[in-house]
Amino acid sequence: MTTHVRCGTLFAGDETAAKSDVTLGFGDDGKIAFVSDTAGAPPVAVHDTVLDYSNLFVMPGLLDVHTHLAYGNAKSEEDIDLYQPMEFRALRALFFAQKVVAAGYTSICAPGDAGQISLSVRNAINFGLFEGPRVTAAGRYLTTRQGLTDWYPTWIGVPDTSIGRLVTNKDEAIEEIRVQVKNGVDCIKLAMDGVQTREDGTLVAAFNQDECTTMVTEAHRQGKRVVVHARGREATLYSARAGVDLIFHATYLDDECIDEMLKSGCAIGPTMTFPRNIIDFTQAHEPAAIKGRISDVAREYAIACENMHKARKAGIPMMTGTDSGFAVTPYGEWHAMELEIFVRDLGFTPAEALRCATSVTARFMAKGGQVGVLESGRLADFIAVDGSPLENIAILQDKTRIRHVHIGGKRMQIPERGYDPRQVTDRAWANWTDLYTQERVRALYPSRVRLAAAE
């Protein structure tokens with residue numbers, strides 16, 4: 001039997017424009033059987049089904065290549081790593097994965113999570129135990145001293161429950177890659193830079209060129225794609241030279257980095273939503289504001305915009321991702337903000353941004369050849385939207401406009417459920433955000449507090 005979807009407008013994912021009055025058909029196997037002008041479409045057979053989306057905009061399901069399922073909408077590194085057991089985090093991750101679907105996202109990559117959390121969520125969905133998005137899963141980040149995820153003091157180290165795996169030499173790195181491959185990861189995540197800076201403020205790569213190349217070579221030998229966290233120029237350059245598949249951030253890239261990316265064919269996932277939300281949403285009383293993070297992030301955001309313009313004009317592929325999983329990027333809320341940023345701040349047209357969020361990002365996904373484009377033989381992963389994102393890309397952030405979500409042809413109808421973050425996520429012990437010295441108390445409460453010494 002075939003399901004015929006009457007589309008008012010259809011954007012295939014790999015084209016520059018949408019088409020009107022199109023019919024998409026898919027079979028019981030969840031694959032697209034045809035995409036045709038309605039007038040020339042195969043006739044509807046007796047046992048076929050017709051879905052009338054003739055007043056809606058149909059397009060491939062959206063893809064987010066940077067969604068950390070294990071983070072739980074965290075407010076701190078401790079929330080991510082320490083204060084819930086792995087088993088609970090896996091259950092929580094499945095709950096949050098389902099929220100992503102309601103936002104129109106049918107495929108995500110979980111690039112670096114503790115233990116086998118993302119692997120377990122992926123498998124539970126793939127095996128039909130639960131409904132959810134298609135998940136491309138990584139294991140723990142490979143990190144080294146002062147690299148991302150090595151954020152605790154040396155006397156604590158990197159706990160086993162952390163999202164990071166500390167490797168101190170190439171042999172340990174190769175062994176960890178082989179363990180993760182045996183466990184069934186879809187990709188390998190490297191923390192190529194972290195917090196160490198030189199006197200001039202530039203970031204130092206966590207791994208040197210030889211170490212980076214060794215890890216990438218081994219991962220590719222094992223048939224796995226490689227994604228890296230690299231904000232600094234040095235880490236970005238080393239990653240591009242090594243031939244990684246995807247670089248997150250690449251904020252401080254230069255012409256040499258771009259040349260190496262063009263040679264190796266790697267893509268960039270700018271991940272602009274996370275810093276943009278920090279700038280726009282952080283309240284004045286919050287530690288991120290008190291510590292001056294907003295101004296630092298705003299400065300870096302401007303640099304990133306300028307450099308992404310250069311990379312885009314040079315022809316570097318751009319993939320959409322949001323770093324969802326933090327309190328400022330909750331699951332299912334801001335994924336499509338990345339598309340608006342691509343258009344507003346990075347110079348993409350709406351059609352180009354839609355392609356980035358579908359056919360381009362699909363290139364990194366585990367089933368990349370089967371998703372991201374609506375054509376015969378591919379998986380019937382698509383959404384139906386009330387309104388045209390080609391006219392207003394921001395409407396994709398309005399979940400009420402995401403009328404229907406289909407994964408493998410099946411319409412997803414996952415009930416909306418709330419949760420109490422104080423029980424589910426917020427476990428770090430932080431009762432105060434200020435140091436209440438006598439001077440500070442007098443400044444805060446001049447009319448309320450009188451100290452004996454002042455009388």
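The values are calculated or read from the model by the stated rules, or taken from the named source; none is laboratory data. Quantities reported herein were computed from a predicted structural model and do not represent experimental measurements. So basically every Cβ, Gly included, is an ideal-geometry build from the backbone, and we count neighbours across all protein chains shown.
Overview of values
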| read-out | value |
| --- | --- |
| Residues located in the range 272-292, provided they are in contact (Cβ under 8 Å) with a residue 60 or more places away in the chain, assigned to a helix (DSSP H, G or I) and closer than 13 Å to Ile341 by Cα | Thr273, Arg276, Asn277 |
| Residue in the range 341-357 that is within 19 Å of Asp14 (Cα to Cα) and β-branched (Val, Ile, Thr) present | yes |
| Residue in the range 83-101 that is buried (at least 22 other Cβ atoms within 10 Å of the Cβ), hydrophobic (A, V, I, L, M, F, W, C), touching a residue at least 24 places away in the same chain (Cβ under 8 Å) and in a strand (DSSP E or B) present | no |
| Condition met for Ser264 (hydroxyl-bearing (Ser, Thr, Tyr) and surrounded by fewer than 23 Cβ atoms within 10 Å (Cβ to Cβ)) | yes |
| From Thr161, Thr154, residue being surrounded by fewer than 19 Cβ atoms within 10 Å (Cβ to Cβ) and either modelled with pLDDT under 90 or part of a strand (DSSP E or B) (or both) | Thr154 |
| Single residue of the range 278-302 satisfying the filter (among the aliphatic types (A, V, I, L, M) and more than 23 Å from Asp345 (Cα to Cα)) that is surrounded by the most Cβ atoms within 10 Å (Cβ to Cβ) | Ala288 |
| Filter result for Ala45 (of a type in the set (A, V, I, L, M) and surrounded by 15 or more Cβ atoms within 10 Å (Cβ to Cβ)) | no |
| Subset of the range 412-455 (residues that are in contact with a helix residue (DSSP H, G or I) (Cβ under 8 Å, 6 or more places away or on another chain), in a loop (DSSP other than H, G, I, E, B) and at pLDDT 85 or above) | Met412, Ile414, Glu416, Arg417, Tyr419, Thr425 |
| Subset of the range 333-365 [of a type in the set (Gly, Ala, Ser), surrounded by fewer than 20 Cβ atoms within 10 Å (Cβ to Cβ) and either part of a loop (DSSP other than H, G, I, E, B) or at positive phi (or both)] | Gly347 |
| Selection from the range 303-322 of residues that are part of a helix (DSSP H, G or I) and crowded, with 21+ Cβ neighbours inside 10 Å | Ala304, Asn307, Met308, Ala311 |
| Sole exception among (1) within 24 Å of Asp193 (Cβ to Cβ); (2) crowded, with 18+ Cβ neighbours inside 10 Å for Arg145, by number | (2) |
| Residue among Val371, Val405 that alone is closer than 20 Å to Glu15 by Cβ and not polar (S, T, N, Q) | Val371 |
| Of all residues in the range 115-131 being over 16 Å from the mean Cα position of the chain (by Cα) and of a type in the set (Gly, Ala, Ser), the one that is modelled with the lowest pLDDT | Gly115 |
| Val244, sole failed condition from (1) part of a helix (DSSP H, G or I); (2) touching a helix residue (DSSP H, G or I) at 6+ places or on another chain (Cβ under 8 Å) | (1) |
| Residues within the range 193-216 that are β-branched (Val, Ile, Thr), in contact with a helix residue (DSSP H, G or I) (Cβ under 7 Å, 6 or more places away or on another chain) and assigned to a strand (DSSP E or B), tallied | 1 |
| Hits in the range 46-81 (condition: of a type in the set (Gly, Ala, Ser), modelled with pLDDT of 95 or more and assigned to a strand (DSSP E or B)) | Ser54 |
| Ala173 vs. criteria outside any loop (DSSP other than H, G, I, E, B), out of contact with any strand residue (DSSP E or B) (no Cβ under 7 Å at 6 or more places or on another chain) and not polar (S, T, N, Q) | no |
| Enumeration of residues in the range 378-405 that are part of a strand (DSSP E or B), within 14 Å of Asn55 (Cβ to Cβ) and in contact with a helix residue (DSSP H, G or I) (Cβ under 8 Å, 6 or more places away or on another chain) | Val385 |
| Residue within the range 27-35 that is under 22 Å from the mean Cα position of the chain (by Cα), part of a strand (DSSP E or B) and at pLDDT 95 or above present | no |
| Qualifying residue in the range 217-234 (condition: closer than 24 Å to Glu300 by Cβ and assigned to a helix (DSSP H, G or I)) | yes |
